[in-house]
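All remarks here apply to the structure that follows.
The values are calculated or read from the model by the stated rules, or taken from the named source; none is laboratory data. If you're wondering where the values come from, they're calculated on a predicted model, not measured in any experiment. Every residue, glycine as well, gets a Cβ built from its backbone with ideal geometry; the counts of neighbours run over all protein chains shown. Keep in mind that these areas ignore ligands, DNA and RNA; they rest on the heavy atoms of the full protein, side chains included. Shrake-Rupley method; radii C 1.70, N 1.55, O 1.52, S 1.80 Å.
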Amino acid sequence: MNNKRKDLITDTFKILFGLVLVSPLILAAFISFMPKADIYKIPFEITLENATLENYIYAFENMNLLTYLKNTFIMVIIELPMKIITALLAAYAFSYFKFRGRETLFAILLATMMIPGEVIMMSLYKMIMGWGLIDTYAGLTITGLTDITAVFLFRQNMKSVPYELREASMLDGCGEMRYLFSILLPICKPIIAAYALRGFIFIYNNYMWPLLVTTTDNMRTIQTGVAQLSWSSHSGLVLAAAMITSIIPLIVYFFGMDKIVEGMTAGAVKS
């Protein structure tokens with residue numbers, strides 16, 4: 001009985017804590033449906049008596065939201081597969097190929113994760129500007145084609161696979177690339193799926209780099225485009241645009257939550 005009571009108290013606390021965390025998002029969602037007159041009424045009260053979609057309609061009619069979303073998804077389509085492919089190849093090399101300085105080189109790569117992106121951002125910007133890639137998809141994506149975090153995650157997962165499996169495959173005439181993509185890739189699928197979801201949300205929410213390398217409205221991504229509304233005095237319009245921006249990663253996260261958990265625990269238990 002005591003255990004049941006403790007579980008009930010724990011679950012109640014988790015629910016209340018979760019409601020506290022999401023309460024700003026719920027409040028923003030309510031205000032986004034309120035007309036401007038109700039939002040600035042004194043005293044302020046949350047009511048949906050006059051609920052309207054005018055904020056959302058105005059956002060779509062007077063902002064290039066579809067263009068922003070298109071640019072964002074182009075970034076995702078270019079960057080995410082390249083991050084995964086390059087990370088898989090690098091992780092495979094660091095896991096199975098023996099060469100002088102392998103561990104030192106891997107340690108140096110890991111050390112680069114400690115460098116804040118802001119430190120090298122201006123150097124990257126000058127490089128992109130010198131190449132004439134401002135306001136191009138190449139400029140938006142060329143600096144995001146690799147990810148050391150993915151290399152680390154994939155390597156750790158590959159090291160949990162018995163080395164004898166590779167030796168047996170090689171004895172049966174399996175080549176390196178065939179072993180990687182036909183045998184190892186399905187085994188690593190959970191961690192790849194988890195990283196893909198993380199990578200999608202990271203690219204989707206990327207703000208600083210697209211802000212630097214885009215100067216025209218037609219090349220802005222969803223985050224930089226919606227940020228232009230920050231000067232607006234219409235809170236309902238700003239929050240409506242924010243809700244539109246937020247709903248896609250929330251849907252992706254909701255349906256991919258199981259994959260994230262599966263990927264986090266992949267390789268944790270060895271037979």
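Which is farthest toward the positive dipole end of the chain among Gly225, Asn206, Asn157, measuring Cα position about the Cα centre, with Cβ charges +1 (Lys, Arg) and -1 (Asp, Glu)?
The Cα lying farthest towards the positive end belongs to Asn157.
Rank Ser235, Ser32, Ser123 by accessible area, highest first, at a 1.4 Å probe radius? Write out the running numbers ahead of the final one.
Working: Ser235 45, Ser32 0, Ser123 85 Å².
So, going from the largest accessible area down, we get Ser123, Ser235, Ser32.
Rounded, prolate or oblate: pick one for the stretch 20-68, where a ≥ b ≥ c are the square roots of the eigenvalues of its C-alpha gyration tensor, a/c under 1.5 means rounded, and failing that, prolate if a/b is larger than b/c, else oblate.
Details: a/c = 2.70, a/b = 1.42, b/c = 1.90.
Judged from the Cα gyration tensor, the stretch 20-68 comes out oblate (a/c at least 1.5, b/c at or above a/b).
For the chain, what does the helix formula give at 222 nm: sum of -39500 (n - 2.57) over DSSP H segments with n ≥ 4, over the residue count, nearest 500 deg cm²/dmol? Could you put the intermediate results ahead of the total?
Values: 13 runs with 185 residues, N = 271.
About -22000 deg cm²/dmol.
Would you work out which of Val22, Met127, Gly101 lies farthest towards the positive end of the dipole of the chain, given +1 charges on the beta-carbon of Lys and Arg and -1 on that of Asp and Glu, about the Cα centre?
Result: Gly101, furthest along the dipole toward the positive end.
In square angstrom, rounded to the nearest 10, how much accessible surface does Leu250 have for a 1.4 Å probe?
90 Å²
Given Cβ point charges of +1 (Lys, Arg) and -1 (Asp, Glu) and nothing else, what value in debye, to the nearest 20, does the dipole of the chain about its Cα centre take? List each step's numbers first, then the result.
Working: 21 positive and 19 negative charges, 172 e Å.
For this selection, approximately 820 debye.
May I ask for the angle, rounded to the nearest 10°, between helix 65-96 and the longest principal axis of the chain, with both axes built from Cα atoms and the value confined to 0 to 90°?
With both axes taken from Cα atoms, the answer is about 20 degrees.
If I take R0 = 22 Å and measure r between the Cβ atoms of Ile15 and Phe254 in this structure, what FRET efficiency does the formula 1/(1 + (r/R0)^6) give, to the nearest 0.05?
Values: r = 18 Å, r/R0 = 0.80.
Here the calculated transfer efficiency is 0.80.
Classify the stretch 1-107 from the C-alpha gyration tensor, please: rounded if a/c falls under 1.5, else prolate or oblate depending on whether a/b exceeds b/c.
Values: a/c = 4.44, a/b = 1.47, b/c = 3.03.
Cα axes put the stretch 1-107 in the oblate bin.
Could you list, in their original order, any pairs among Lys159/Lys189; Lys14/Lys189; Lys98/Lys189 whose Cα atoms are separated by more than 21 Å?
Numbers: Lys159/Lys189 14 Å; Lys14/Lys189 31 Å; Lys98/Lys189 25 Å.
As for pairs spanning more than 21 Å Cα to Cα, those are Lys14/Lys189; Lys98/Lys189.
When a/c reaches 1.5 or more, the comparison of a/b and b/c decides; with that in mind, is the chain rounded, prolate or oblate per its Cα gyration tensor?
Numbers: a/c = 2.70, a/b = 1.46, b/c = 1.85.
Oblate, since a/c reaches 1.5 and b/c is not below a/b.
What angle do you read, to the nearest 10 degrees and between 0 and 90, between the alpha-carbon axis of helix 235-265 and the longest principal axis of the chain?
Tilt relative to the chain: about 30 degrees.
Counting only C-alpha contacts under 8 Å and six or more residues apart, can you give the relative contact order of the chain as a whole percent?
Once divided by the residue count of the chain, the mean separation gives 31 percent.
List, in order, the whole-Hz ³J(HN,Hα) value for each residue of the stretch 136-141 obtained from phi through the Karplus relation with A = 6.51, B = -1.76, C = 1.60 and θ = phi - 60°; use x for Gly and Pro.
Per residue, the Karplus-derived 3J(HN,Hα) values read 9, 5, 5, x, 5, 10 Hz.
Percent of accessible area on the chain owned by carbon and sulfur, 1.4 Å probe?
Values: 11160 of 16460 Å².
The nonpolar share, carbon plus sulfur, comes to 68 percent.
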